[in-house]
Each structure stands twice: as C-alpha cells, then as structure tokens.
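The values are calculated or read from the model by the stated rules, or taken from the named source; none is laboratory data. Everything numeric here is computed off the predicted structure, so don't read it as measured data. Methodologically, a virtual Cβ is constructed for each residue, glycine included, from the backbone with ideal geometry; neighbour enumeration extends over all protein chains shown.
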Amino acid sequence: MSPLKQDYQKAFLSLLESGEDVGKTIKRVKAVMEKRGHSGLLLSVLKSTLRELDRTSVAKTPRLTVAREKDVKRYAAGHKEAEVIVDPHLVGGYRFEKDNTMIDNSYKTKLLNWYRVAIKSN
C-alpha cells in the first residue's frame, strides 16, 4: 500500500476510534480527498480500512459463524463467549475465530476441498 493510502487509512481509523459517526467520517474523508485531488483513492482506502477493522475485531472478539439460525443452539454451546453470525454461504457446519485463529468446520470448505481433489485427480 502506498504511503498516501496508509496516511488516509490512519486518519480514517483515528476518526472512527474517536467515536465519530461513520457517515460523517466518510463524508469528511471524502471531502478532504476531493479537495486534494485524491478522490480516486477513496474506494481502495475504504476497502483497506474495512479489512483492518475486520482484522482487529477478530483479535478482540471471538466469532462463531453458522449457516442457519437453527444451528446456533447446536454449535454455540461450546463457544459461549463468541459473537454469533449467521452466514448462509457456509451451507452447513460452523466457523470459529478467536485470537487470529480460525477453526473452519463448514460444509462449504469441505465441499470446496473435495471438489479441488476431484479436479486434480482427473
């Protein structure tokens, strides 16, 4: 990432950490970038900021991702401290993230791995 993008990302993160409203923060950063002629960087700065926020939130909060609402009770018992997220893209099973470690026991991953093995064998 270029130093300019890093500077914008740091500014963005510091504004968000100060507790400012997200919508206002985006408008402020966008206005500054347009004023300086850097509006073309806005999308990549927003994406990198989201990745950074996601990365740091994973380190702070354990997350349990399940495929369906009815799976919450089944898998949450072993992960009581985790924030529960329902993601239908997992097909089934669960994904648990804590301290930058992920246990992926989802059907999606198993199906993808099976598919890759089947493709390689042909």
Read through the list (1) within 30 Å of residue 112 (Cβ to Cβ); (2) at pLDDT below 90; (3) in contact with a Leu (Cβ under 6 Å, 6 or more places away or on another chain), then give the number of the only condition that residue 84 fails. (2)
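Select from segment 98-114 the residues that are in contact with a helix residue (DSSP H, G or I) (Cβ under 6 Å, 6 or more places away or on another chain) and closer than 12 Å to residue 67 by Cα and write down the one among them that is surrounded by the most Cβ atoms within 10 Å (Cβ to Cβ).
Just the residues of segment 98-114 that are in contact with a helix residue (DSSP H, G or I) (Cβ under 6 Å, 6 or more places away or on another chain), to begin with: 100, 106, 108.
Among the residues that remain, those that are also closer than 12 Å to residue 67 by Cα are: 106, 108.
Numbers: 106: 20, 108: 17.
Checking each candidate, the answer is 106.
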Which residues, taken from segment 13-42, are surrounded by 15 or more Cβ atoms within 10 Å (Cβ to Cβ) and closer than 17 Å to residue 53 by Cα? 13, 15, 16, 25, 26, 29, 42
Would you check if residue 63 is under 18 Å from residue 97 (Cβ atoms) and touching an Asp or Glu at 6+ places or on another chain (Cβ under 9 Å)? yes
How many of the residues making up segment 64-83 are buried (at least 17 other Cβ atoms within 10 Å of the Cβ) and not in a loop (DSSP other than H, G, I, E, B)? 5
